[in-house]
Amino acid sequence: MDSDRLARYLAGEASPNDHADVAAWASANPINQKELERLSAAFKPAGQPGAYDVDQAWSRVASRLGQTVADPEPIGLPLASRPAVRWLAAAAVLLAITSALVIQGRDRTVTYATTIGQQRTILLPDGSKATLAPASTIVVPAGYGKPNRNLTLAGRAWFEVTHDEAKPFRIAAAGMMVEDLGTEFEVVASGTGLQVTVVSGSVAVHRAGGGGTVTLGPQDVATISPEGQSSVDHYAPVERITSWRQGTLDFVDRPLRDVATELERWYDVELVLAPGLGQRPLNAPIPTANLTEALEIITTALGLTRADVGRVITLAPKP
């Protein structure tokens, strides 16, 4: 959720589109709903619809954070007559509350999860960002950043890391450890092992049981099996591989079984493959918002038929 849009909503200056976006965000996840209720509770009506006592809200938040309270409203101007100032002050309160939540989060383990078809971007206390793909989970343990920055990932996520040599950024995934040595990379952890794609900077993957370390640079893609066997593809089309953030799953020589698993993350369906199809590679871009189009691309590219029974879709070779 865009903080400016949320601030306008809290300050009573939201447009109809803002209201719709905030409502959709809140209803998408119980955690979002609770966060909105907590933020809304910091604002008290100032006697009329759409007016909020931002000063009082800021005072409560600032006292909680041990800060000096500043008057955000110019002297002589009534609160209700200055909508721009009101929502800017609300943004300051929102920032303070969010900061407080982040600080509190360091002292307890926090789990972030996405449902089928959902993406979520998480801002970590050190300024690093993680974008979760659908049906994925990140666990941020208590004490994150003191001194290490360790996470646990199940599923798929894109990371933009604020690099700090004194505080390593590490991700436990699929029985291995991924350590940031740079800035932007993607990790996919599944039952078939681990895939790490580096867009910029460098990443080290430490295999389980002391099986050695694989170091990756820009445009490198490493695939590591659960048994620790690894292969690295240099000069890979990393922008295509990570294009899911822009609404496209662009598969590059991916076995159909992996494609099916990925599609099940984005669409509420079960894909069943006929014997022998799982190893067939797919090279094609697939949309993340149109199941009919996605299946048509796959069946056309690989010469397959589909049979639907409720949520179960079976793919088989054409006779």
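Between Glu179 and Asp164, the simple spin-label model (points 7 angstrom out along Cα→Cβ) gives 1.7 nm. Near the amide H of Val110, under 5 Å away, which other amide H atoms are found, from residues 5 or more places off or on another chain, if H is placed in the peptide plane? Here the answer is Val140, Ala142, since their amide H atoms fall under 5 Å of that of Val110. The listed residues Ile241, Ile286 rank as Ile241, Ile286 when sorted by accessible area, largest first, using a 1.4 Å probe. Distance between the pseudo-spin-label points of Gln246 and Asp126 (7 Å out from Cα toward the beta carbon): 2.9 nm. A Förster distance of 41 Å, applied to the separation of the beta-carbon atoms of Thr213 and Glu239, puts the FRET efficiency at 0.95.
Converting phi to 3J(HN,Hα) with the Karplus coefficients 6.51, -1.76 and 1.60 and the offset θ = phi - 60°, the range 138-149 yields 10, 10, 9, x, 4, x, 3, x, 10, x, 8, 10 Hz in sequence order, with x at every glycine or proline.
Remark: spin-label model distance Thr192-Ala284 equals 1.7 nm, labels positioned 7 Å along the Cα→Cβ axis.
In this view, the solvent-accessible surface of His19, computed with a 1.4 Å probe and all protein chains in place, comes to about 90 Å². Label point of Gln229 set 7 angstrom out along Cα-Cβ; within the range 241-255, amide nitrogens under 18 Å from it belong to 254-255.
Charge dipole of the range 222-319 (Cα centre as origin; +1 on each Lys and Arg Cβ, -1 on each Asp and Glu Cβ, all else neutral): 180 debye, rounded to the nearest 20.
The values are calculated or read from the model by the stated rules, or taken from the named source; none is laboratory data. These figures come from a predicted structure and were not determined experimentally. Neighbour counts are summed over all protein chains in view; Cβ atoms, including those assigned to glycine, are modelled from backbone coordinates with ideal geometry. SASA here: full protein model, heavy atoms, side chains in, ligands and nucleic acids out. Shrake-Rupley method; radii C 1.70, N 1.55, O 1.52, S 1.80 Å.
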